[in-house]
1. Among the residues of segment 26-42, which ones are open to solvent by less than 40 Å² (accessible area, probe 1.4 Å) and not in a strand (DSSP E or B)?
2. Would you mind finding the one in Lys132, Lys81 that is more than 22 Å from Met27 (Cβ to Cβ), modelled with pLDDT of 95 or more and open to solvent by 90 Å² or more (accessible area, probe 1.4 Å)?
3. Need pairs with beta-carbon distance below 8 Å; first residue assigned to a strand (DSSP E or B) and within segment 69-82, second of a type in the set (S, T, N, Q) and open to solvent by less than 80 Å² (accessible area, probe 1.4 Å); sequence gap 6+ or separate chains.
4. Check segment 54-66 and report whether any residue there is open to solvent by less than 20 Å² (accessible area, probe 1.4 Å), at pLDDT below 95 and either among the β-branched types (Val, Ile, Thr) or over 19 Å from Lys96 (Cβ atoms) (or both).
5. Just the residues that are outside any loop (DSSP other than H, G, I, E, B) and open to solvent by less than 70 Å² (accessible area, probe 1.4 Å), please, taken from segment 93-105.
6. Restricting to segment 67-78, count the residues that are among the hydrophobic types (A, V, I, L, M, F, W, C) and open to solvent by 70 Å² or more (accessible area, probe 1.4 Å).
7. Just to be sure I understand the filter: pairs with C-beta atoms under 9 Å, separated by 6 or more residues or on different chains, first member in segment 122-141 and more than 11 Å from Tyr49 (Cβ to Cβ), second member open to solvent by less than 70 Å² (accessible area, probe 1.4 Å) and charged (D, E, K, R). Which pairs pass?
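The values are calculated or read from the model by the stated rules, or taken from the named source; none is laboratory data. Computed from a predicted model, the values in this text were never measured in an experiment. Reconstructed Cβ throughout: ideal geometry from the backbone, glycine too, with neighbour counts over all protein chains shown. Just so you know, the surface numbers come from the protein's heavy atoms only, side chains and all, with ligands and any DNA or RNA stripped out. Shrake-Rupley method; radii C 1.70, N 1.55, O 1.52, S 1.80 Å.
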Amino acid sequence: MKNLVFTIVLLLAAGFALGQSLQKGNMISTHILTVELKPGVTLDQVVDYYNTRWIPDAEKYFDWKMFIATGIRSSESIENKLLLIVHFNTEADRDKYFKMAEDGTDLNELGQKAWAQFSPTAQALDALATVKNEWYDWAVK
């Protein structure tokens, strides 16, 4: 529940971060990232990697818009937490890469092809940190 409140608050801020207003029918996926840093690595270095490599590559291969956010204050601890915001124009845009599965969603054939290209970038993050991802998809009504 505490992460849900954190997500809702940041989701409201996402409209400003997206540089456009959210519209009915948009989909927003919020990912609360709990970051376990490798020795000698700072959270700023992880954020820099997301901004300079991870997000640009993900946007190139998956055709969606993404942002990374750092916590400023919260009712819960946000130490070593980041928020990844993914903006889709429609639910169909999200579903272009995912299919429903018993435990949530899995990549479909197109998603698997995109992941194969993106995978080296995602794996390179492992040198900086271990990241646990708790995600939620939201439909703008």
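1. Taking segment 26-42 as the starting set, the residues that turn out to be open to solvent by less than 40 Å² (accessible area, probe 1.4 Å) are 26-33, 35, 41.
Asn26, Val41, listed by residue number.
2. Working: Lys81 fails: open to solvent by 90 Å² or more (accessible area, probe 1.4 Å).
Residue meeting the stated conditions: Lys132.
3. Pairs found: Lys81/Thr34; Leu82/Thr70.
4. no
5. First pass over segment 93-105, keeping only residues outside any loop (DSSP other than H, G, I, E, B): 93-95, 98-101, 104-105.
Passing the criteria: Asp93, Arg94, Asp95, Phe98, Ala101, Gly104, Thr105.
6. Start the filter on segment 67-78 by keeping residues that are among the hydrophobic types (A, V, I, L, M, F, W, C), which leaves 67-69, 72, 78.
Now narrow it down to the ones that are open to solvent by 70 Å² or more (accessible area, probe 1.4 Å): 72.
Total meeting the criteria: 1.
7. Filtered contacts from segment 122-141: Asp137/Arg94.
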